[in-house]
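A quick write-up on the structure given underneath.
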Amino acid sequence: MLTQLVAYQNEFPEESADRAVPTHMKIHEYQAKEILSKYGVAVPKGEMANTPEEAAAEARKLFAEGASGVVVKAQIHAGGRGKGGGVKVARSREEAEEHVKNILGMQLVTHQTGPQGQKVQRLLIEETAAIDRELYLGIVLDRATGKLVYMASQAGGMEIEEVAAKTPEAIFKETIDPAVGFGAWQARKLAFALGLKPTQINQAVAFLQSLYKAFIDTDASLVEINPFITTKDDKLFALDAKITFDDNALFRHPDIKALRDVAEEDPLEVEASKYALNYIKLDGTIACMVNGAGLAMATMDIIQYAGGSPANFLDVGGGATQEQIEHAFEILLSDANVKAIFINIFGGILRVDRLATGVVAAAKKLNVKVPIVLRLEGTNVEEGRKILKDSGLNFEVGATMKEAAELVVAAAEGAK
């Protein structure tokens, strides 16, 4: 469950509603390849298709241009597409059209989509490559050092997390000094570590440096090429590509922001982003409303410790208004799995009395039926508790996080 939060754990900006987007915005593979190709990164020839007719036309075009085969690739925001049946190779136009018919519109289930899967609404049709070796490249921020790390591995095609867990020595790393950038000497080190042929080294150096420039210029938070392939004729290609972007910098990139595909996101998360609420849907029964990302993580942990399961991550931020609190309630209650609500607030910028006023107003306006348990501390906490007590509503208030967690778990159990 908590793996859904890994990419969101450390950054939850308080943005204006017109700029509210996911903390790390994802894009599709075809979009990532379009961006990378502008920086000179070699990618296979291909096009995106929204309809069977467009896909068939692209397949015919590639075969007419001499392709020995085409790959039909589902475009969803999740890994493991091949294992789920969302990537198929065709050696003829007829075979390609059959794969298009089977994949487009399917509910693709992978280890990252969960059992509900994700509907395939577009495809990437591209030429096959004469693969010699499958390798891995990735650039990511190492929060421990505060620097970017360029990673490379000969274990391409595998989940890099699995490689890191089982054979960490198989991942080669170069830490990048932000004052200097990614040097050609570092690119050469990685190229040699990958065991590339002498005739491929210079090509690889240019490839790696182009990938780094794309990362920096677009304010990316992750660039991953898996697999990074060599071909029988010694060429190098990004056979797959994944890019996510730091949403704090998207105001500098309206063209990239326009690539956001809300159809790939949870509808409740999209709705929350309209009101600058940081919301991530999970699969439990206890809804959480918290101010602060760290407190939200601790709240989910203590719910688990008390024997319950969080239904979401919701950080209303330090300056939440009554309107935002009402919208937060609406979003929490839109999840049919929610049996109880846990509000855990440490009042600083968001005073406890303001929060309490908003909670009472929202509960009355929305006619909330599920149990609500609160744990309140901080500025004007006594005033906040009095507002709740005088509201006439049946709130439960825990003196500590532990007590409140136990109360909300019991309430959720009783509501089943």
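The values are calculated or read from the model by the stated rules, or taken from the named source; none is laboratory data. Just so it is clear, the model here is predicted, and its values are computed rather than measured. Please note: Cβ atoms are built from the backbone with ideal geometry, for glycine as well, and neighbour counts cover all protein chains shown.
Can you find a residue in the stretch 186-209 that is more than 18 Å from P227 (Cβ to Cβ) and outside any helix (DSSP H, G or I)? Checked the stretch 186-209: no residue is more than 18 Å from P227 (Cβ to Cβ) and outside any helix (DSSP H, G or I).
Scan the stretch 55-90 residue by residue and report those that are assigned to a loop (DSSP other than H, G, I, E, B) and out of contact with any helix residue (DSSP H, G or I) (no Cβ under 8 Å at 6 or more places or on another chain). Can you show your working first?
At the first step, the residues of the stretch 55-90 found to be assigned to a loop (DSSP other than H, G, I, E, B) are 65-69, 75-86.
Listed by number, the residues that qualify are E65, G66, A67, S68, G69, A78, G79, G80, R81, G82, K83, G84.
Applying the set (1) outside the structural domain of T400 (by TED's automatic domain parsing); (2) in a helix (DSSP H, G or I); (3) small (G, A, S); (4) in contact with a Phe, Trp or Tyr (Cβ under 9 Å, 6 or more places away or on another chain) to A249 leaves exactly one unmet item: (4). Of the numbered conditions (1) under 30 Å from K173 (Cα atoms); (2) modelled with pLDDT under 95; (3) not small (G, A, S), L148 satisfies every one except a single condition; which is it? If we test L148 against (1) under 30 Å from K173 (Cα atoms); (2) modelled with pLDDT under 95; (3) not small (G, A, S), just (2) comes out false. Of the residues making up the stretch 90-105, those that are closer than 16 Å to K61 by Cβ, touching a residue at least 40 places away in the same chain (Cβ under 8 Å) and aliphatic (A, V, I, L, M) are A96, V100. Looking across the stretch 305-340 at every residue that is out of contact with any strand residue (DSSP E or B) (no Cβ under 8 Å at 6 or more places or on another chain), of a type in the set (S, T, N, Q) and not in a loop (DSSP other than H, G, I, E, B), the one that is surrounded by the most Cβ atoms within 10 Å (Cβ to Cβ) is identified as Q324. Is it true that L333 is in contact with a helix residue (DSSP H, G or I) (Cβ under 9 Å, 6 or more places away or on another chain) and either over 19 Å from I302 (Cβ atoms) or modelled with pLDDT under 85 (or both)? When the stated conditions are applied, L333 passes them. The set of residues in the stretch 151-185 that are part of a helix (DSSP H, G or I), at pLDDT 90 or above and touching a helix residue (DSSP H, G or I) at 6+ places or on another chain (Cβ under 8 Å) comprises A170, A184.
From Q209, Q203, which residue is farther than 21 Å from E29 by Cα and either at pLDDT below 95 or surrounded by 14 or more Cβ atoms within 10 Å (Cβ to Cβ) (or both)? Before the answer, list the steps.
Values: Q209 fails: farther than 21 Å from E29 by Cα.
Just a single option satisfies the conditions, and that option is Q203.
D233 meets the conditions (1) more than 30 Å from G117 (Cα to Cα); (2) at pLDDT 95 or above; (3) over 20 Å from the mean Cα position of the chain (by Cα) in every case but one. The failed one is (2).
Summed over the stretch 393-416, residues that are more than 21 Å from Q304 (Cβ to Cβ) and in contact with a helix residue (DSSP H, G or I) (Cβ under 9 Å, 6 or more places away or on another chain) total 3.
Could you tell me which of the residues A90, A74 is surrounded by 16 or more Cβ atoms within 10 Å (Cβ to Cβ), modelled with pLDDT of 95 or more and closer than 21 Å to I225 by Cβ?
On the way: A90 fails: closer than 21 Å to I225 by Cβ.
None of the other options fit; the residue is A74.
Out of curiosity, is I302 surrounded by fewer than 24 Cβ atoms within 10 Å (Cβ to Cβ), in contact (Cβ under 8 Å) with a residue 24 or more places away in the chain and more than 15 Å from V373 (Cβ to Cβ)?
Values: surrounded by fewer than 24 Cβ atoms within 10 Å (Cβ to Cβ): yes; in contact (Cβ under 8 Å) with a residue 24 or more places away in the chain: yes; more than 15 Å from V373 (Cβ to Cβ): no.
The answer is no for I302.
Results for (1) within 22 Å of I76 (Cβ to Cβ); (2) surrounded by fewer than 16 Cβ atoms within 10 Å (Cβ to Cβ), shown as yes or no for each residue.
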| residue | (1), (2) |
| --- | --- |
| E98 | yes, yes |
| G105 | yes, yes |
| P115 | yes, yes |
| V120 | yes, no |
| E127 | yes, no |
| I131 | no, yes |
| G138 | yes, no |
| M151 | no, no |
